[in-house]
Amino acid sequence: MDRVRGCLPSERNRHLGLRLPFLIIASFLMQGTGIVLARLTGNDLWVRGGLILGYITLLAAVTANMHLVGMWIVGLGALLNTIAIFANGGLMPISQETLISMGSSPEAVEARTGEYLPGLRNKVVVLPRDYTQLWFLGDTLVLPGPLRRAGSIGDALALIGIMVLMAQLVARRYRQTATVTSPASGDDQPRGER
């Protein structure tokens, strides 16, 4: 029975210290559903609603996991993205300059200004920097090389936070499995000395 119980997600997460992981999954499902519905219907209100609800749900998951340092960093990144999205009508702003630095032609960028771009990261709106609220929180960072993807300061912080969180969870799990309690003495012994 213990083996079956150990396979359940809630049991594994309890040992890792991750609380309410379903909120993290729900956050991405809300965003993805909004993106898909926006593509199917041609109405960007779906993606706007999905993003806002998704980020609020993600922030709730972050709040539940503030005991993990990595979640503080993820939370800060998510908060910065949420602020940028709320300030710009429910979509993440990307500047014309950023699109041009990614390889788009100035003419194509000018023609799409003010529009939701369903093919580009699925959740951005092209706005001139002068018309963007808190433009520095938008997608202003461009990855060099062949990837040529744009991201925000919030995306960078969230990625760093995820790496820190993964390291924390792996280290915590390693510490738990490296020490085994001896039933006879009750002392903790390293696994190699048994």
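The values are calculated or read from the model by the stated rules, or taken from the named source; none is laboratory data. The shown structure was predicted, so the numbers you read here are calculated from the model rather than taken from an experiment. Cβ coordinates were reconstructed from backbone atoms using ideal geometry, including for glycine residues, and neighbour counts include every protein chain displayed. Calculation scope for accessible area: heavy atoms of the full protein, side chains included, ligands and nucleic acids excluded. Shrake-Rupley method; radii C 1.70, N 1.55, O 1.52, S 1.80 Å.
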(request) Select from the range 110-163 those trypsin sites (Lys or Arg not before Pro) which occupy a DSSP coil region and have at most 16 other Cβ atoms within 10 Å, ordered by residue number. (result) Arg121, Arg148, Arg149
(message) Over the range 109-170, what portion of Cα pair distances is larger than 13 Å, expressed as a whole percent?
(response) 71
(request) Would you please name the GluC sites (Glu not before Pro) within the range 42-118 that are DSSP coil residues with at most 16 other C-beta atoms within 10 Å of their C-beta? (result) Glu115
(request) Would you kindly find the accessible area of Ile25, with a 1.4 Å probe and non-protein molecules such as ligands, DNA and RNA excluded, rounding to the nearest 10 Å²? (result) 110
(message) What is the ratio of the Cα radius of gyration of the range 52-184 to 2.2 N^0.38 Å, with N the residue count, to two decimals?
(response) 1.35
